[in-house]
Amino acid sequence: MVRTEFIATGMYVPERVVTNHELEGYMDTSDEWIQQRSGIKERRWAAEDEGGSDMAKVAAERALEAAGMEADEIDCIIVATLSPDHFFPGTGVFLQRKLGVTDVPCLDIRNQCTGFVYGLEIADAFIKTGQYRRILLVGTEVHSSGIILSTEGRDTAVLFGDGAAVAILGPTDDPDRGVLAVRTHADGRYAEKLWGPAPACVNKPFISKEMIDEGLTRAHMDGRDVFKHAVTKMPAAIHEVLEVAGHQTEDLDMVIPHQANMRIAQVVQKSLGLPDDKIYINIQRYGNTTAASIPIALHECIEEGGIQRGDLVGFTAFGSGFTWGGALVRW
Ligand code: UT7
């Protein structure tokens with residue numbers, strides 16, 4: 001039986017570090033409020049000419065080097081992002097071009113904070129069916145160009161950060177290793193609980209000065225409601241994949257949650273009964289990087305020795321849509 005294994009990971013975050021104290025200069029907020037409510041201390045902002053495909057290119061090159069592979073050995077690119085370089089075409093083709101390869105299929109997916117888990121589900125199916133053998137799965141986000149640096153936009157501006165990370169996935173014949181289960185969910189009744197109202201093709205024109213002036217181009221979120229759903233769905237997503245794979249919470253060696261809020265991660269930890277060393281949290285340094293948050297956390301956790309060969313690793317995500325999901329991987 002073929003399973004999907006993680007061959008290598010790579011990440012890139014922009015150089016510019018933006019502390020909570022810097023944000024105090026743009027809006028009525030405080031380091032204390034941000035840390036207390038979210039756990040975030042700083043985040044990264046992309047340079048003026050730096051897009052999601054630029055960041056993903058560096059992350060991909062780092063993963064390719066770690067894997068001892070050339071870019072032309074990749075036979076499919078899947079990009080999860082809510083902040084594409086352009087309305088169209090997708091970020092995948094810009095990334096493909098920047099990697100110097102051609103004629104590799106590029107699939108952009110729009111599943112926000114759950115993007116990496118949705119992407120993993122797709123990649124896993126592709127690999128198991130033999131459709132592709134080497135998939136570059138990317139999470140990349142540039143939020144800094146969409147936030148509003150004023151008190152009006154403070155509820156979301158302080159939370160989000162920029163960054164990219166990738167995983168190179170491929171088949172393994174080892175029945176004890178690889179992706180054991182992935183499950184994804186969505187509930188469109190809550191689409192407007194966390195969304196970007198404009199630009200939008202449902203509007204005519206799809207962008208106007210009024211929309212910009214009204215702040216419709218920034219993320220709009222009902223934070224309390226999102227929080228309430230996240231703290232139930234994220235542990236449930238782990239329980240679901242454990243059950244599918246015939247495992248218990250005690251079997252988990254590491255959980256990598258989507259990094260939306262330190263308090264959400266703490267509820268996930270408590271709900272699953274995990275000790276501190278079995279959940280990885282790095283939101284302090286990067287804020288919420290949406291589709292990039294799980295692969296960034298995964299990469300750093302591996303680098304720090306938090307995941308060893310043979311470990312049972314869970315991913316869990318929740319976000320705009322609402323979308324949520326979990327995955328279980330035997331490393
Ligand atoms: O990744 C996708 C999923 N996203 C999430 O999971 C986010 C889920 N939600 C959350 O993490 C939290 O709800 C937040 C961190 C967004 C907010 O924390 P909260 O404890 O739910 O605060 P709140 O929204 O209830 O706001 C409390 C107060 C409000 O003032 P009043 O109405 O009590 O006077 C806000 O206006 O804090 C105010 N506020 C701020 N104050 C200082 C909102 N944003 C800020 C800010 N600085 N940046």
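The values are calculated or read from the model by the stated rules, or taken from the named source; none is laboratory data. Computed from a predicted model, the values in this text were never measured in an experiment. Glycine also receives a Cβ, built like all others from the backbone with ideal geometry; neighbour counts cover every protein chain displayed. For the accessible areas, the whole protein counts, side chains as well, though only heavy atoms, and no ligand, DNA or RNA atoms are used. Shrake-Rupley method; radii C 1.70, N 1.55, O 1.52, S 1.80 Å.
From PRO84, PRO14, which residue is at pLDDT 95 or above, open to solvent by less than 10 Å² (accessible area, probe 1.4 Å) and in the same structural domain as ALA165 (by TED's automatic domain parsing)?
On the way: PRO84 fails: open to solvent by less than 10 Å² (accessible area, probe 1.4 Å).
Only one candidate qualifies: PRO14.
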**Message:** Every residue in region 321-331 that is within 16 Å of the ligand (Cβ to nearest atom), of a type in the set (Gly, Ala, Ser) and crowded, with 24+ Cβ neighbours inside 10 Å, please.
**Reply:** GLY325, GLY326
**Item:** Answer residue from region 25-39, given it is in a helix (DSSP H, G or I) and open to solvent by less than 30 Å² (accessible area, probe 1.4 Å) and is nearest to the ligand (Cβ to nearest atom) among those
**Value:** SER38
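Every residue, every condition in (1) within 16 Å of the ligand (Cβ to nearest atom); (2) small (Gly, Ala, Ser); (3) within 18 Å of ALA237 (Cα to Cα); (4) in the same structural domain as LEU64 (by TED's automatic domain parsing), yes or no:
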site: GLY273; (1), (2), (3), (4): no, yes, yes, no
site: ASN282; (1), (2), (3), (4): yes, no, no, no
site: HIS299; (1), (2), (3), (4): no, no, no, no
site: GLY305; (1), (2), (3), (4): no, yes, no, no
site: LEU312; (1), (2), (3), (4): no, no, yes, no
site: GLY319; (1), (2), (3), (4): yes, yes, yes, no
**Residue list for region 178-228, filter: open to solvent by 30 Å² or more (accessible area, probe 1.4 Å), closer than 30 Å to GLN308 by Cβ, away from the ligand (no atom under 16 Å from the Cβ) and not basic (Lys, Arg)** = LEU180
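Give me a count of the residues in region 297-319 that are open to solvent by less than 20 Å² (accessible area, probe 1.4 Å) and assigned to a loop (DSSP other than H, G, I, E, B). Give the steps one after another, and end with the answer.
Looking only at region 297-319, we keep the residues that are open to solvent by less than 20 Å² (accessible area, probe 1.4 Å), and these are 297-298, 301, 307, 312-319.
Next, only the ones that are assigned to a loop (DSSP other than H, G, I, E, B) stay: 307.
Within region 297-319, residues that are open to solvent by less than 20 Å² (accessible area, probe 1.4 Å) and assigned to a loop (DSSP other than H, G, I, E, B) number 1.
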**Request:** Please name all residue pairs, on different chains or six or more residues apart, with Cβ atoms under 7 Å, provided the first residue is in region 247-267 and is farther than 28 Å from ARG309 by Cβ and the second residue is part of a helix (DSSP H, G or I) and small (Gly, Ala, Ser).
**Result:** ALA260/ALA230; ASN261/SER38; MET262/SER38; ILE264/ALA230
**Complete:** Taking region 237-266 and keeping only residues that are within 15 Å of the ligand (Cβ to nearest atom), over 18 Å from ILE34 (Cα atoms) and in a helix (DSSP H, G or I), one is left with ALA237
**Prompt:** For region 96-152, which residues satisfy the criterion of being within 18 Å of the chain's Cα centre (by Cα), among the charged types (D, E, K, R) and within 16 Å of the ligand (Cβ to nearest atom)?
**Reply:** ARG110, GLU141
**Message:** Criterion first (within 16 Å of the ligand (Cβ to nearest atom), free of Cβ contacts under 8 Å to residues at least 12 places away in the same chain and closer than 28 Å to ALA157 by Cβ) does GLU22 satisfy it?
**Reply:** yes
